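Read the structure below first, then the notes.
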Number of protein chains: 2
Amino acid sequence: MKNIYLDNASARPVEPRVSEFIRECLKDTFGNPSSLHSAGLEAKKIIEEARVKVAELINAENENCIIFTSGATETNNLAIKGVAFRNKEKKKRVVSSDIEHISVLNSMKELLKNGIEFNTVPVNSEGIVDIEKLSNILNSDVVITSVMYANSEIGTIEPVKEISETVHKMGGYFHSDATAAAGHIPIDVQKDGIDLLTLSSNDMYGPQGAGALYIKPGIKIQPVILGGGQEKGIRSGTENILAIAGMGEASKIAKKEMDEEAKRLIKMRDELIDGVLKIENSYLTGHPTRRLPYQASFRFNRIEGESILLNMDMYGIQIATGSACSSKTLEPSHTLLAIGLKHEEAHGSMVLTLGRANNTEEIPVVVKAVRETVERLRKLSPL
Amino acid sequence: MKNIYLDNASARPVEPRVSEFIRECLKDTFGNPSSLHSAGLEAKKIIEEARVKVAELINAENENCIIFTSGATETNNLAIKGVAFRNKEKKKRVVSSDIEHISVLNSMKELLKNGIEFNTVPVNSEGIVDIEKLSNILNSDVVITSVMYANSEIGTIEPVKEISETVHKMGGYFHSDATAAAGHIPIDVQKDGIDLLTLSSNDMYGPQGAGALYIKPGIKIQPVILGGGQEKGIRSGTENILAIAGMGEASKIAKKEMDEEAKRLIKMRDELIDGVLKIENSYLTGHPTRRLPYQASFRFNRIEGESILLNMDMYGIQIATGSACSSKTLEPSHTLLAIGLKHEEAHGSMVLTLGRANNTEEIPVVVKAVRETVERLRKLSPL
């Protein structure tokens, strides 16, 4: 039985060209970038080259806008707490959408302990942030508003430019978590009006253990992890050189191949969607067209997402039900509740995320497995 | 010209057996350990096996005492802020030695902003913490005392058991940063009476990007990075599986080979010390015998450490002057000032740290290069 991996939003295989690039870097050095001797200087050079590649992916003003971290979760913590704590004498409110990643929501909630008020803005049934409601929630006391670039669980791409304009009218900073979007759809932080952007290495086929925060020139934030003052004092700790080198190379490849790969994936994605929606009582979640190229998500009446996942695994097909990050709780996904699903509806969710390793021949195999799985589970269902 | 790398305390080459182990893990999976399908379960298994290996290295009560992080700096932040914030309603003081790593000192200083008092305890001229002074500084309001297991800049191993007993008499928690010690000298957290211990992957020849915090069963701490609740809710963020797998294997190898390797290194270290001390006006820094097996550090009158480093680099020999983490500032090392050196004395420091790749034939080559370097620089010196 051939394995078909359709859980790329949870973890992506490292691109072989990135692995090869890392191996080449390893030959040059293993030094500490803070060391003053030749091995240290070579390590530093590797990091600075990666910084340029990441900056170019999102059209940052320059490479000094990029701060490397250990991953997207840390980056979201740094962006939100970093801005909020730095400005806490002046402004006392923070805002996010209802469908943010749990690392954004939990960072915002932690601020409550420090006398900061946290409000969320709702999304419509397709997962799009309601600009009018956002406008009503904002005032000049809001220091940071966080809305993700795109949501990996329902695929929806947010109207980031409109959101940033709305936020800036009230004088606050706009942070966007682009974990699911970067490297897959074009991002231009300058055109989009983004002040802080979260990037993840593995989500664009780089190695795990690296992430980055884009900070617009002139914005000052308070560090979360303190120490030797690496990364311009914003993120201390000896740099994870190879992961950073890999993230740089992954960014470079993504920038070059994104358009073509997106076309290929959208074709497959839409075939998947058409095939699955032929199953009775199946529904697409998220926006039908403003949607990540690699993402197809559904809900089915009267069956459990976890049972779908385990049944599909028996076909050798790996999928997700909601976000991997919240798979351990039995709570229904906060994103699915936010788009208006009832608890029992939110439990019947299936998320398929395509990647570079997938091909068109797999699509009918997957659709057939989904159909058989759903029919089998419905027969067994007491509901 | 053969390269001789003697800056292992700044960065260690990854052990080839560890790299091979990582490659094997890569074959099995690249899944997200939080995913419920088979790829996720395999990733989870890899992490849990690593946890056992790290626990065994330090004789932890069980593997659930080990929390994986992105490295030692993050771990020190987590230990100190985690304990201090969790208990801030009850206790309002923290204590460290004068020679802690900058990530410990800066984490403690950050607590000052939150109404917590921070005091340091001095060390003697050999870098050993003064137990009597520690005893005088402590009272029942001290929530955490942090003293490193050993100092990589002067090589001194602290009397950890006496320190933990002194700390526990006053009812506080004892944290020890074992970045420089773990994997090189035996550590038994239970016998040593350690409540929290910091471990670094790369410092024991594992990959960069992983660290761990040992937390004694029953001790509760507040997380620093919030999100999906990975690592028992204490450190959120998708796990850096391969770095964690590598850290586990590095721990296993270190546990098995530590005694024999220490004997080999001590012989080389003492030859280095004997050879260098024959140079006029050269002095050993740190304790002559209570000393890390891989560490030899010196100071020379009338010359600059940075000049020594750059001169040695021209011989193809990489060394350090003070800690890599503070190499960017022109300030003299706080550790060297703490052992009583004057500013001008602290500037003439040289730190040689041996590793698995070094061999006895290199020692006379290094001693000769040091002698020539010191003589050349002294001739040029205006002092």
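Note on B:Glu257/B:Val365: beta-carbon distance plugged into 1/(1 + (r/R0)^6) with R0 of 35 Å gives a FRET efficiency of 0.90. In the full protein context, the protein assembly as shown carries 38 Å² of accessible surface per residue, based on a 1.4 Å probe and ignoring ligands, DNA and RNA.
Among B:Gly155, B:Gly172, B:Gly233, the residue with the largest mean-square fluctuation in a Gaussian network model of chain B, with springs joining Cα atoms closer than 10 Å, is B:Gly233. Couplings 3J(HN,Hα) of the range A:127-140, computed from phi: x, 8, 4, 7, 5, 5, 5, 4, 4, 6, 6, 6, 8, 6 Hz, in residue order, whole Hz [Karplus 6.51 cos²θ - 1.76 cosθ + 1.60, θ = phi - 60°; x for Gly and Pro]. Considering only B:Ser282, B:Gly229, B:Leu242, the residue lying farthest towards the positive end of the dipole of chain B is B:Gly229, judged by Cα position with unit charges set on Cβ.
Round to a whole number: what % of the accessible area of the protein assembly as shown belongs to carbon and sulfur, probe 1.4 Å? About 53 percent, which is the carbon plus sulfur part of the accessible surface. Treating only the Cα positions of the protein assembly as shown as identical point scatterers, give the base-10 log of I(q)/I(0) from the Debye formula at each q in 0.10, 0.11 Å⁻¹. Computed log10 I(q)/I(0) values: -1.00, -1.17.
Summarising the label geometry, the points placed 7 Å from Cα in the beta-carbon direction at A:Glu306 and A:Lys278 lie 3.2 nm from one another.
Can you flag which of A:Lys81/A:Lys252; B:Lys91/B:Lys169; A:Lys44/A:Lys191; A:Lys91/B:Lys113 are past 26 Å Cα-Cα? Let's see the in-between values first.
Numbers: A:Lys81/A:Lys252 29 Å; B:Lys91/B:Lys169 15 Å; A:Lys44/A:Lys191 30 Å; A:Lys91/B:Lys113 18 Å.
From A:Lys81/A:Lys252; B:Lys91/B:Lys169; A:Lys44/A:Lys191; A:Lys91/B:Lys113, over 26 Å: A:Lys81/A:Lys252; A:Lys44/A:Lys191.
In the range A:101-131, the residues that give up 30 Å² or more of accessible area when the other protein chains are added, compared with the chain on its own (1.4 Å probe), are A:Asn106, A:Glu110. Of the residues B:His287, A:His334, the one with the largest accessible area comes first in the ranking A:His334, B:His287, computed with a 1.4 Å probe on protein heavy atoms.
Kindly state, to the nearest 0.05, the FRET efficiency for B:Glu48 paired with A:Arg376, given R0 = 35 Å and r defined as their beta-carbon distance.
On the way: r = 32 Å, r/R0 = 0.91.
Working from the Cβ atoms, E equals 0.65.
For chain B, averaging the sequence separation of C-alpha pairs within contact (under 8 Å, six or more residues apart) and dividing by the residue count gives a relative contact order of 22 percent. Within the shell of other residues whose beta carbon sits under 13 angstrom from the beta carbon of A:His347, the net charge comes to -2, with Lys and Arg scored +1 and Asp and Glu -1. Residues whose amide H lies under 5 Å from that of B:Arg291, counting only those 5 or more places away or on a different chain, are B:Ile157; hydrogens are built 1.01 Å from N in the peptide plane. Mark the label point 7 Å from the Cα of A:Asn114 along Cα→Cβ and return the residues of the range A:202-229 whose backbone N is within less than 12 Å of it. Residues A:221-225 qualify, since their backbone N sits under 12 Å from the label point. Across the range B:306-317, coupling constants 3J(HN,Hα) worked out from phi with the 6.51/-1.76/1.60 Karplus curve, θ = phi - 60°, read 5, 5, 4, 4, 5, 5, 5, 4, 5, 7, x, 10 Hz, and Gly and Pro carry x.
Annotation for the range A:228-294: GluC sites (Glu not before Pro) lying in DSSP loop with at most 12 further Cβ atoms inside 10 Å of their Cβ are A:Glu280. Cα centroid separation, the range A:275-317 to the range B:167-194: 51 Å.
Under 15 Å of direct C-alpha separation, and excluding same-chain neighbours fewer than eight residues apart, A:Lys88 reaches these aspartates and glutamates: A:Glu110, A:Glu117, A:Asp141.
For n ≥ 4 DSSP H runs only, could you compute -39500 (n - 2.57) per run for the protein assembly as shown, divide by its residues and tell me the 222 nm figure to the nearest 500? Display every interim value, and only then the final one.
Working: 24 runs with 310 residues, N = 766.
Calculated from helices alone, the mean residue ellipticity at 222 nm is -13000 deg cm²/dmol.
Only four residue types carry charge here, +1 at the Cβ of Lys and Arg and -1 at the Cβ of Asp and Glu. Report the dipole size of the range A:147-193 about the Cα centre in Debye, rounded to the nearest 20. Don't skip to the answer; put the middle values down first.
Numbers: 3 positive and 7 negative charges, 27 e Å.
Dipole about the Cα centre, nearest 20: 120 debye.
Put simply, the amide H of A:Asp7, placed in the peptide plane, has neighbours under 5 Å in A:Thr353, leaving out anything fewer than 5 places away on its chain.
Among the trypsin sites (Lys or Arg not before Pro) in the range B:38-145, those located in a DSSP loop and surrounded by at most 14 other Cβ atoms within 10 Å of their own Cβ are B:Lys90, B:Lys113.
Along the axis of the charge dipole computed for the range A:74-159 (Cβ charges of +1 for Lys and Arg, -1 for Asp and Glu, origin at the Cα centre), the listed residues A:Ile102, A:Asn76, A:Ile131 are led at the positive end by A:Asn76.
About its Cα centre, the dipole of the protein assembly as shown is roughly 720 debye, where the only charges are +1 on Lys and Arg Cβ and -1 on Asp and Glu Cβ.
Taken over chain B, the percentage of Cα pairs per 20 Å bin, counting from 0 up to the bin with the maximum distance, is 29, 55, 16, 0.
Computed over chain B with a Gaussian network model linking Cα atoms closer than 10 Å, the most mobile of B:Ala369, B:Ala346, B:Ala181 is B:Ala369. Accessible area buried by the pairing of B and A, both sides summed with a 1.4 Å probe, works out to roughly 4300 Å². Compared with the dominant Cα axis of chain A, that is its longest principal axis, helix A:38-57 is turned about 50°. Rounded to the nearest 10 degrees, the inclination of helix B:102-112 to the longest alpha-carbon principal axis of chain B is 60 degrees. Distances between equivalent label points of B:Leu310 across the copies, with each point positioned 7 Å along Cα→Cβ, amount to 6.6 nm, shortest listed first.
Tell me whether the range B:1-129 comes out rounded, prolate or oblate; compute the Cα gyration tensor, take square roots of the eigenvalues as a ≥ b ≥ c, and use a/c under 1.5 as the rounded threshold. It is oblate, given that a/c is not under 1.5 and a/b is not larger than b/c. Semi-axes of the equivalent ellipsoid of the range A:255-383 are 24, 17, 13 Å, computed as sqrt(5λ) over the eigenvalues of the C-alpha gyration tensor in descending order.
Using unit Cβ charges (K, R positive; D, E negative) and no other charged atoms, how large, in debye to the nearest 20, is the dipole of chain A about its Cα centre?
Values: 46 positive and 51 negative charges, 95 e Å.
Dipole about the Cα centre, nearest 20: 460 debye.
A:Ser333 sits among other residues whose Cβ lies under 11 Å from its own Cβ, and their net charge, with Lys and Arg +1 and Asp and Glu -1, is -2. Each label point was placed 7 Å from the Cα along the Cα-to-Cβ direction; for A:Glu344 and B:Ile266 their separation is 7.2 nm.
Relative contact order of the range B:221-354, taken over Cα pairs closer than 8 Å and 6 or more residues apart, is 20 percent.
The values are calculated or read from the model by the stated rules, or taken from the named source; none is laboratory data. Source: prediction; values computed, not measured. Glycine also receives a Cβ, built like all others from the backbone with ideal geometry; neighbour counts cover every protein chain displayed. The accessibility values were calculated without ligands, DNA or RNA, using every heavy atom of the protein model including side chains. Shrake-Rupley method; radii C 1.70, N 1.55, O 1.52, S 1.80 Å.
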